[in-house]
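The values are calculated or read from the model by the stated rules, or taken from the named source; none is laboratory data. Since we're looking at a predicted model, the values are computed, not measured. So basically every Cβ, Gly included, is an ideal-geometry build from the backbone, and we count neighbours across all protein chains shown.
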Amino acid sequence: MKSYASAGTLIIRVILGIIFLAHGLDKFGSGIGNIEGFFESLGIPAFMASVVAIIEIVGGIALILGFATRIASVILGIVLIVAIVQAKLGMGFLNGYELDVALLAMAAHLALSGSSLLSVDSFFAKKR
């Protein structure tokens, strides 16, 4: 039976990238000041709201393009772990952090496997 693992990884990479890009853009679009206030209520410095939004935007674009897939996935995974621990854990699994765990699993898969199909990473790998 033929394996379609590379195609599955491509789907995971692009969807995760779109999700992070959308969340990062939304942080700025909905008013970063609101997000800064939320961060401060959690005991996180306000400026980290912009840092996280930029990480989500840049990381999302990197995943969509397949550029530095493993590095972007690790960094986005760290963002997810902090979000779970700092903001979502007290809400419980359902309607709390279940989506974050699914996204974290996707990021972990990409961090471990990389992504070669239709990626900038594979373009540079072929040049070597």
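Points worth noting:
- Within the stretch 1-77, helices (runs of 4 or more DSSP H) holding 2 or more residues that are closer than 24 Å to Ser115 by Cα: 5-29, 47-65
- Any hit, the stretch 104-120, residues being buried (at least 18 other Cβ atoms within 10 Å of the Cβ) and within 21 Å of Lys27 (Cα to Cα): yes
- Remark: pairs (first residue in the stretch 58-73, closer than 14 Å to Leu25 by Cα; second residue of a type in the set (A, V, I, L, M, F, W, C) and not in a loop (DSSP other than H, G, I, E, B); Cβ separation under 7 Å; 6+ apart in sequence or on different chains) = Gly59/Phe20; Gly59/Ala72; Gly59/Ile75; Gly59/Leu76; Gly60/Ile18; Gly60/Phe20; Gly60/Leu21; Ile61/Leu21.
- Residue within the stretch 86-107 that is of a type outside the set (D, E, K, R), out of contact with any Gly (no Cβ under 8 Å at 6 or more places or on another chain), closer than 22 Å to Ala125 by Cβ and not in a helix (DSSP H, G or I) present: no
- Candidates Ala68, Ala72, filtered to the one that is surrounded by 16 or more Cβ atoms within 10 Å (Cβ to Cβ) and either more than 16 Å from Asp121 (Cα to Cα) or under 11 Å from the mean Cα position of the chain (by Cα) (or both): Ala72
- Hits in the stretch 88-107 - residues which are in contact with a helix residue (DSSP H, G or I) (Cβ under 9 Å, 6 or more places away or on another chain) and closer than 17 Å to Val74 by Cβ: Asp100, Val101, Leu103, Leu104, Met106, Ala107
- Within the stretch 84-103, residues that are touching a residue at least 12 places away in the same chain (Cβ under 8 Å) have Cβ atoms under 8 Å from residues that are part of a loop (DSSP other than H, G, I, E, B) and aromatic (Phe, Trp, Tyr) in no pair, counting only partners at least 6 apart in sequence or on another chain.
- Selection status of Ser50, small (Gly, Ala, Ser) and modelled with pLDDT under 95: no
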